[in-house]
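Only one structure is covered here, and it is reproduced in the block below.
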Amino acid sequence: MAKPTPSQTVGPFFARELLWKDGGTVLFAGRGERITLTGCVFDGVGAPIFDALFETWQADPAGTFPSGDDGARPYGYGRVSTDRDGRYAIETMMPGPFKGPGGETYAPQISVSIFARGLLKALRTRVFLAPLDAIKDDPLARAIGDTTRLRTLIAARDPRDPKIYRWDVRLRGAGEAVFIEL
Amino acid sequence: MAETPVADIHPPYLYPDYNSTRLRAPSQPLVRVAPSPLETAGPAFPKQFVKDSEADLTTWGRSAPLGEKMVLVGRVLDEGGRPVRRSLVEVWQANASGKYPHPVDDHDAPLDPNFLGKGQLLTDDEGRYRLVTVKPGAYPWQNHAFGWRPAHIHFSLFGNAYAQRLITQMFFPGDPLLAIDPIFQSVPEAGRSLLIAVLDLEHGIEGVALGYRWDMVLRGPRATPMGV
């Protein structure tokens with residue numbers, strides 16, 4: 001087996017090189033109701049991380065994995081940088097649940113990768129777009145077990161605008177999100 | 001399950017000599033899970049997403065950029081040695097003076113109007129790529145007294161599966177700054193040589209450009225179906 005190439009930080013100088021035009025609007029083959037996943041990324045003392053690259057990959061509302069493109073961009077993938085307040089926003093469609101190889105059900109979720117200066121490796125996780133009682137059988141929810149930690153991965157539906165899901169990400173310390181190794 | 005001990009190859013999140021890791025590295029251990037079927041699939045980049053000209057960083061301006069012209073060739077493989085085909089590779093780098101055309105780069109070095117330092121390409125059916133650029137300059141940074149980043153080219157790879165996604169940096173052989181660079185040194189010793197290109201003159205252009213070669217290896221069968 002060849003050794004994998006080690007990871008290195010994305011550094012502070014990426015934005016112009018890696019961002020896509022309208023990268024925060026995720027495209028799909030079909031039409032459907034649009035939602036927005038938004039929030040802020042914070043460091044270990046609660047300061048906003050203003051130079052993160054935030055990427056998302058998800059199933060479509062039927063739980064199908066996007067495989068095509070619109071001629072210019074791949075379906076299903078979101079890519080933005082955080083702003084001065086650490087804020088990101090991904091305008092997309094609600095992902096449907098899907099099955100794993102052993103028949104297990106993955107709850108509605110978006111796979112997230114965060115890259116930034118000071119991150120020598122990507123931080124990877126999955127954010128759930130469903131309440132706690134609806135994700136208990138999800139493989140990651142089961143692996144985490146602890147409800148307090150699991151809640152760090154649940155996006156909260158905005159009571160005033162049900163199309164908005166809010167998810168803040170704390171990289172370190174109090175309220176630290178669960179990150180995963182695939 | 002027998003696996004490459006990735007802990008011996010990849011840097012840790014917390015590496016105090018690289019100051020920015022101290023407030024950004026998670027303090028809790030990662031939760032280990034199998035990649036979901038979503039994560040063993042990945043985004044499809046249309047052919048027209050990249051233009052052939054984007055693999056040559058030296059032809060964007062009205063004349064040639066300053067610096068030492070170079071050709072970089074290599075392959076993107078998975079851990080089983082299989083080519084990672086038609087996958088997106090993005091690169092960005094400082095110019096020959098060690099300056100990025102980026103608003104937060106405050107290094108007092110000249111911009112080069114003929115060099116943007118940005119490129120992208122899709123690997124071919126053998127996982128091969130070829131990039132034409134200039135050797136980036138070293139530049140000072142504020143991490144520690146007399147700190148200078150060694151010359152490096154940033155690489156962003158999508159592979160053929162979301163779980164293969166990787167961002168890394170390529171360095172140059174024989175660079176004395178590697179020894180004082182905490183970002184490079186954060187990689188465990190067993191992995192460091194994997195980040196250094198080798199001189200490969202025959203892939204250069206006679207009388208015009210130096211040749212270098214660098215292969216990249218993305219995680220393999222555990223994450224991806226065979227042969228993708």
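Applying the selection to the stretch B:132-182, what residues are of a type in the set (Val, Ile, Thr) and within 17 Å of the chain's Cα centre (by Cα)?
B:Val132, B:Thr133, B:Val134, B:Ile153, B:Ile167, B:Thr168
Somewhere in the stretch A:28-44, is a residue assigned to a strand (DSSP E or B) and of a type in the set (Gly, Ala, Ser)?
Yes, the stretch A:28-44 has at least one match.
Which count do you get for residues in the stretch A:128-169 that are within 18 Å of the chain's Cα centre (by Cα), surrounded by 13 or more Cβ atoms within 10 Å (Cβ to Cβ), of a type in the set (D, E, K, R) and not in a strand (DSSP E or B)?
5
I'm trying to understand the selection: among the residues of the stretch B:81-105, which are buried (at least 20 other Cβ atoms within 10 Å of the Cβ), away from chain A (no Cβ under 11 Å) and assigned to a strand (DSSP E or B)?
Of everything in the stretch B:81-105, just one residue is buried (at least 20 other Cβ atoms within 10 Å of the Cβ), away from chain A (no Cβ under 11 Å) and assigned to a strand (DSSP E or B), namely B:Val89.
Inside the stretch B:33-57, can you point out the residues that are part of a loop (DSSP other than H, G, I, E, B), more than 30 Å from A:Thr105 (Cα to Cα) and within 7 Å of chain A (Cβ to nearest Cβ)? Reasoning before the result, please.
Step one: of the stretch B:33-57, the residues part of a loop (DSSP other than H, G, I, E, B) are B:33-36, B:41-46, B:50-51, B:57.
Subsequent filtering for residues that are more than 30 Å from A:Thr105 (Cα to Cα) retains B:46, B:50-51, B:57.
If the condition is that a residue be part of a loop (DSSP other than H, G, I, E, B), more than 30 Å from A:Thr105 (Cα to Cα) and within 7 Å of chain A (Cβ to nearest Cβ), then B:Pro46 is the only one that fits.
Has the stretch B:11-28 got at least one residue that is buried (at least 16 other Cβ atoms within 10 Å of the Cβ), under 26 Å from A:Glu104 (Cα atoms) and either within 7 Å of chain A (Cβ to nearest Cβ) or out of contact with any Ser or Thr (no Cβ under 9 Å at 6 or more places or on another chain) (or both)?
no
If you go through the stretch A:124-132 one residue at a time, do you hit one that is within 13 Å of chain B (Cβ to nearest Cβ), in contact (Cβ under 8 Å) with a residue 24 or more places away in the chain and touching a Pro at 6+ places or on another chain (Cβ under 8 Å)?
Yes, some residue in the stretch A:124-132 is within 13 Å of chain B (Cβ to nearest Cβ), in contact (Cβ under 8 Å) with a residue 24 or more places away in the chain and touching a Pro at 6+ places or on another chain (Cβ under 8 Å).
Restricting to the stretch B:57-90, count the residues that are more than 16 Å from the chain's Cα centre (by Cα) and at negative phi. Can you show your working first?
Of the residues in the stretch B:57-90, the ones more than 16 Å from the chain's Cα centre (by Cα) are B:58-69, B:79-83, B:85-86.
Within this subset, residues satisfying the condition of being at negative phi are B:58-66, B:68-69, B:79-80, B:82-83, B:85.
Selection size over the stretch B:57-90: 16.
So B:Asp200 passes all but one of these: (1) farther than 20 Å from B:His10 by Cα; (2) without any contact (Cβ under 8 Å) to a residue 24 or more places away in the chain. Which condition number does it fail?
With (1) farther than 20 Å from B:His10 by Cα; (2) without any contact (Cβ under 8 Å) to a residue 24 or more places away in the chain applied to B:Asp200, the lone miss is (2).
Looking only at the stretch A:1-23, filter to residues that are of a type in the set (D, E, K, R) and out of contact with any Pro (no Cβ under 8 Å at 6 or more places or on another chain); which one of those is farthest from the other protein chains (Cβ to nearest Cβ)?
Out of the qualifying residues, it is A:Asp22.
Determine, yes or no, whether A:Gly78 is at pLDDT below 95 and among the small types (Gly, Ala, Ser).
Details: at pLDDT below 95: no; among the small types (Gly, Ala, Ser): yes.
No.
Taking the conditions exactly as written (outside any strand (DSSP E or B), loosely packed, with under 15 Cβ neighbours inside 10 Å and modelled with pLDDT under 95), does B:Pro225 satisfy them or not?
Against the criterion (outside any strand (DSSP E or B), loosely packed, with under 15 Cβ neighbours inside 10 Å and modelled with pLDDT under 95), B:Pro225 qualifies.
Can you name the condition, by its number, that A:Val45 falls short on among (1) within 15 Å of the chain's Cα centre (by Cα); (2) β-branched (Val, Ile, Thr); (3) farther than 30 Å from B:Gln93 by Cα?
(1)
For the stretch B:64-80, give me each residue that is modelled with pLDDT of 95 or more and either part of a loop (DSSP other than H, G, I, E, B) or touching a helix residue (DSSP H, G or I) at 6+ places or on another chain (Cβ under 6 Å) (or both).
B:Ala64, B:Pro65, B:Leu66, B:Gly67, B:Glu68, B:Val71, B:Val73
Could you please find all residues in the stretch A:81-117 being over 23 Å from A:Arg31 (Cβ atoms), touching a helix residue (DSSP H, G or I) at 6+ places or on another chain (Cβ under 7 Å), of a type in the set (A, V, I, L, M, F, W, C) and facing another protein chain (nearest Cβ under 10 Å)?
A:Ala116
Output the residues belonging to the stretch A:67-80 that are within 12 Å of chain B (Cβ to nearest Cβ), of a type outside the set (Phe, Trp, Tyr) and either buried (at least 23 other Cβ atoms within 10 Å of the Cβ) or assigned to a strand (DSSP E or B) (or both). Outline the logic, then answer.
Keep residues of the stretch A:67-80 that are within 12 Å of chain B (Cβ to nearest Cβ), which gives A:67-79.
The next check asks that each one be of a type outside the set (Phe, Trp, Tyr); those that pass are A:67-74, A:76, A:78-79.
Within the stretch A:67-80, A:Asp69, A:Pro74, A:Gly76, A:Gly78, A:Arg79 qualify.
The values are calculated or read from the model by the stated rules, or taken from the named source; none is laboratory data. Treat the numbers as computed from the prediction; the structure is a model and nothing was measured. Glycine also receives a Cβ, built like all others from the backbone with ideal geometry; neighbour counts cover every protein chain displayed.
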